[in-house]
1. Given the conditions (1) of a type in the set (S, T, Y); (2) within 16 Å of the ligand (Cβ to nearest atom); (3) modelled with pLDDT under 80, report the number of the one that T41 does not fulfil.
2. Restrict the check to region 246-261 and report whether at least one residue is over 23 Å from V84 (Cβ atoms), part of a loop (DSSP other than H, G, I, E, B) and hydrophobic (A, V, I, L, M, F, W, C).
3. Of all residues in region 15-31, count the ones that are farther than 17 Å from K202 by Cα and either in contact with a His (Cβ under 9 Å, 6 or more places away or on another chain) or assigned to a loop (DSSP other than H, G, I, E, B) (or both).
Amino acid sequence: MAHDGPEDHASQLSCIVCMGRLGAAHLPGLMSCLECGFITTDLKLSDEDLKRLYGRDYFHGQEYLDYTAEAESLKLNFQRRIAVLRQLAPDFQAAELFEIGCAYGYFLQVVVPYVKVASGIDISADAVRKAVAEQQTDAREGDYLAFDLKRPVDCITMWDTIEHLRRPDLFIGKAAKDLKPGGLLAITTGDIGSLNARLRGKSWRMIHPPTHLHYFSASTLKRLLERQGFDVVHLSHPGNSRKLRSVLYFISVLKANRPAIYNTLQRLPLFDLSLTANLFDIMYVVGRKRGAIPDGTGA
Ligand SMILES: [Zn+2]
């Protein structure tokens with residue numbers, strides 16, 4: 001499956017959601033579509049730039065501060081997302097699932113018992129190595145746009161991934177081709193239309209180029225999905241659950257550098273409590289692919 005070459009260049013000037021014209025946004029350094037309001041950056045990153053960004057340091061840097069230590073919390077949130085997918089697809093246990101941006105393989109590991117087959121892809125070689133070796137998942141390193149899935153699947157997931165992509169529209173377009181009719185595309189990303197994002201303005205925690213290149217709202221993401229042949233069948237702002245353990249670890253060890261406090265607190269029975277913080281600024285959107293089986297000639 002080839003890239004749409006010429007479109008790559010046109011996108012720099014036009015909105016990936018509606019093809020409208022881009023102008024300066026009300027937020028410094030960002031662009032906004034004059035037609036649909038989609039917020040994006042005008043960064044032009046090469047494949048090499050992106051590969052460098054998502055090397056080993058990415059998952060251990062500021063953004064994913066101890067991502068692996070967060071595994072327990074991540075898995076808790078994945079369980080909730082799976083519950084939604086099972087409601088939307090009653091035959092979920094017979095589903096073939098593919099994850100774009102599978103990172104360390106935590107989601108794949110959690111979802112395996114619920115589906116027939118689960119596999120994934122990620123641009124980070126370091127993460128994929130661990131996904132295979134430590135989580136025993138079917139993960140591969142690579143660029144999804146250049147990856148041949150061989151046969152259509154029932155469900156594709158992109159957790160906190162779409163904001164990192166240079167061309168989310170191409171990914172969603174390819175996902176549409178890689179899904180069976182009626183198949184589900186599940187996405188989580190920040191919602192720049194949320195109250196918290198609007199109150200925080202340029203200080204909103206999700207705004208950090210160059211890793212976050214695009215800032216969807218519920219309406220711009222819905223519009224992009226509909227243009228690519230999906231009906232939005234689920235939209236929620238699920239919040240983030242964490243074990244009290246990881247919250248205290250974060251505060252006492254990573255922030256205050258006081259592991260002794262953490263070790264003392266660890267003896268408390270409350271430690272396994274799970275807390276849900278919800279700023280209602282992260283959205284969970286599921287699109288269902290419309291229509292008849294594509295003839296393979298593409299759009
Ligand atoms: Zn637009």
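1. (3)
2. Within region 246-261 (the criterion being over 23 Å from V84 (Cβ atoms), part of a loop (DSSP other than H, G, I, E, B) and hydrophobic (A, V, I, L, M, F, W, C)), the answer is yes, since at least one residue qualifies.
3. 6
The values are calculated or read from the model by the stated rules, or taken from the named source; none is laboratory data. Owing to the predicted nature of the structure, the values given are computational and were not obtained by experimental measurement. Cβ: placed from backbone, ideal geometry, glycine included. Neighbour counts: every protein chain shown.
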